[in-house]
1. Looking at Gly311, Gly280, Gly284, can you tell me which residue is surrounded by 17 or more Cβ atoms within 10 Å (Cβ to Cβ), in contact with a strand residue (DSSP E or B) (Cβ under 8 Å, 6 or more places away or on another chain) and closer than 30 Å to Ser357 by Cβ?
2. Output the helices (runs of 4 or more DSSP H) that fall wholly within segment 363-435 and possess 3 or more residues being out of contact with any Ser or Thr (no Cβ under 6 Å at 6 or more places or on another chain), modelled with pLDDT of 85 or more and under 27 Å from Val472 (Cβ atoms), or say none.
3. Tell me, yes or no, whether segment 74-86 has at least one residue that is within 30 Å of Val185 (Cβ to Cβ) and among the polar types (S, T, N, Q).
4. Regarding Glu198, is this residue surrounded by fewer than 19 Cβ atoms within 10 Å (Cβ to Cβ), among the acidic types (Asp, Glu) and either assigned by TED's automatic domain parsing to the domain that holds Phe358 or within 31 Å of the chain's Cα centre (by Cα) (or both)?
5. Please specify each residue of segment 65-89 satisfying the condition of being assigned to a helix (DSSP H, G or I) and over 25 Å from the mean Cα position of the chain (by Cα).
6. Go through segment 180-200 and give me each residue that's part of a helix (DSSP H, G or I), under 30 Å from Ala276 (Cα atoms) and within 11 Å of the ligand (Cβ to nearest atom).
7. Do you know which of the residues in segment 238-264 that are assigned to a loop (DSSP other than H, G, I, E, B) and without any contact (Cβ under 8 Å) to a residue 40 or more places away in the chain is farthest from the ligand (Cβ to nearest atom)?
Amino acid sequence: MDVPSYSASDAPVPEGTVVIERASTAQDLGPKLSRTAADVVRFLLTNGEMVTGTQSLSDEMIEMFATEIGAEIRLVDPGEEQEVELRKILDFPDEDDEEIVSSWPIRPPVITVMGHVDHGKTLLLDRIRSANVVDGEAGGITQHIGAYQVTKGDSTLTFIDTPGHAAFTAMRARGADATDIVVLVVAADDGVMPQTLEALDHAKAAEVPIIVAINKMDREGADPEKVMSQLAERGLVPEAWGGETLYAQVSAMTGDGIEDLLENLALIAEVEDLRATSEGRAAGAVLEAHLDTGRGPVATVLVERGTLSVGDPLVSGAAWGRVRALINDKGENVKVAGPSTPVQVLGLNEVAESGDSFVIAPNEKTAGKVAETREHWHRVASLGRDASAAAAGGGAKLEDIFQQIQSGETATLNLIVKADVNGSLEAVTDSLKKLERDDVKLSFVLRGVGGISENDVQLAATSNATILGFNVRPDRQARELADTEQVEIRNYEIIYKLLEDIENAMLGMLSPEYEEVVTGEAEVREIFRVPRLGAIAGCMVRSGVITRNSKVRFLREGTIIWKGEIQSLRRFKDDANEVAAGFECGIGLSDFQDLKDGDLIETYEEREIPIT
Ligand code: GDP
């Protein structure tokens, strides 16, 4: 059969830019560009793409057709246009009028600490936090909620625990420009390093004031002058040298200079004259979100304006709910939170996305409706992506990717990524995307927070995908199904290892996988405190055999909460070497005390899987 030749119809194309949703079908696309579905299908056919009128098209196909007929288009994700309407319904706050802002009260600055790995960000944040804990306050224990506030003289400062530069930028990309001041940490004995410069780029892009903390001043090789001249070259000229950048010389280890740093931060904040109203419905950003067994979805949010109160109908992306409780950075329940305050929010119906903005809706009904509409569009968007990936030629599993690359066509690696929290999920997918090459594309069939379930395996089987788990594990049903369906599940706890494996697979050098064979599984029924022995988990062995001294991990809802070795194993009052399925036993928890009933204890062995 001859391929029919395509001849463009003469009808004029629409004027101006036409908005087209990604994954549109020929039937959607044609009429929007004054053509018929048949025109689109015929054109694609002459270009070697066989599609039906109702099949989702890839971005390239849509663009190809638009170029052919001379139409100007803008591709948007499904729901993007609708989002504008939803924001109107929610009465989302617009940019603030400067005149009004100047009448608002001063608010605390929001500070992000960045710098090269190991230069002391974590210790510095801990030091600032603990220096500020009033003596005797619950033994200095504060809750890690992803952000905290300290007071310095008359001023309050808000610090965000940023997991990394990528997360900082991911938040900015989503419009959550939460940071007012960046503290750039540089180790005095190490000087400016690659990630210092990366941090500097991120901070510059955010257009916020930067203060440099030269850390590790207690170290022998400390050379603050060198750090200053290295950074002066890049525009951060110290005040002492006639420039405008403040430098603080500190030691996160001894605490020296921290007061000075805090004072300087307060000073910068004063100059910046940061203001926000505490009146009206709250709006702000989600800093971190995860699923907690006892408490359900938990989100740490930063209130940017207005006052957030218990009982408010909150919407963030497709998550929503009436705020059930607010918990501050000291672990206390509070009723309200004002501008620049970080709080944990309980009561949402699902795990929010970190970096998303949140608002309080005029009423609960609107909140629910908006979230539902967004959920719908998210689903359409992800289905569309799968469909267009499929339309673009299938896609392969990890073990087949090299073959596909070698065959010369553009290879697509289909992945399902599951992680413990949204922050790590984002970090993993963002880093994975950077591995894409011209000849290898990645397609995320599903990205989600939580353990690997039977559903995930089912989806992997139907979409020819490999499952990557980060700090999570498959449950038994998922494992069994993966065996029968021959779905590969690879589990990681270190992001570099994960990236290295994927990169190697693309080079045809996939390293042998160490399969962790689960040897026994016990469910925690009750925790006992035994004098001298500490905590003992009373368990029922559900499958396999639990052996003393075997490697073990504790799982809560599929997420790894601890790894180590079994210290002691008892049947009734006696020590036992092993306990088989169907029996009860007591398992000593060594230094890990945080088990709850319902948690799973899994013992495993590592075996190398030969490459076939
Ligand atoms: P991060 O990767 O930037 O978060 O760095 P960490 O806070 O984890 O610090 C890395 C290492 O440097 C840890 O072993 C810290 O104990 C150590 N460290 C951090 N600050 C100081 C400091 O001021 N002096 C000294 N001597 N060691 C420090």
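The values are calculated or read from the model by the stated rules, or taken from the named source; none is laboratory data. Keep in mind the model is a prediction, meaning the values are calculated, not measured. Here Cβ is always computed from backbone atoms with ideal geometry, including for glycine, and neighbour counts include all displayed protein chains.
1. None of the others qualify; the one that does is Gly284.
2. It comes to 422-433.
3. no
4. It is true that Glu198 is surrounded by fewer than 19 Cβ atoms within 10 Å (Cβ to Cβ), among the acidic types (Asp, Glu) and either assigned by TED's automatic domain parsing to the domain that holds Phe358 or within 31 Å of the chain's Cα centre (by Cα) (or both).
5. Phe65, Ala66, Thr67, Glu68, Ile69, Glu85, Lys88, Ile89
6. Correct list: Ala199 only.
7. Filtering segment 238-264 for residues that are assigned to a loop (DSSP other than H, G, I, E, B) and without any contact (Cβ under 8 Å) to a residue 40 or more places away in the chain, the one farthest from the ligand (Cβ to nearest atom) comes out as Gly242.
Residue-by-condition table, conditions (1) assigned by TED's automatic domain parsing to the domain that holds Ala252; (2) in contact with a strand residue (DSSP E or B) (Cβ under 9 Å, 6 or more places away or on another chain); (3) modelled with pLDDT under 85; (4) surrounded by fewer than 14 Cβ atoms within 10 Å (Cβ to Cβ):
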position	(1), (2), (3), (4)
Arg22	no, yes, yes, no
Glu60	no, no, no, yes
Gly70	no, no, no, yes
Glu81	no, yes, yes, yes
Glu95	no, no, yes, yes
Ile100	no, no, no, yes
Ser103	no, yes, no, yes
Ser130	yes, no, yes, yes
Glu137	yes, no, yes, yes
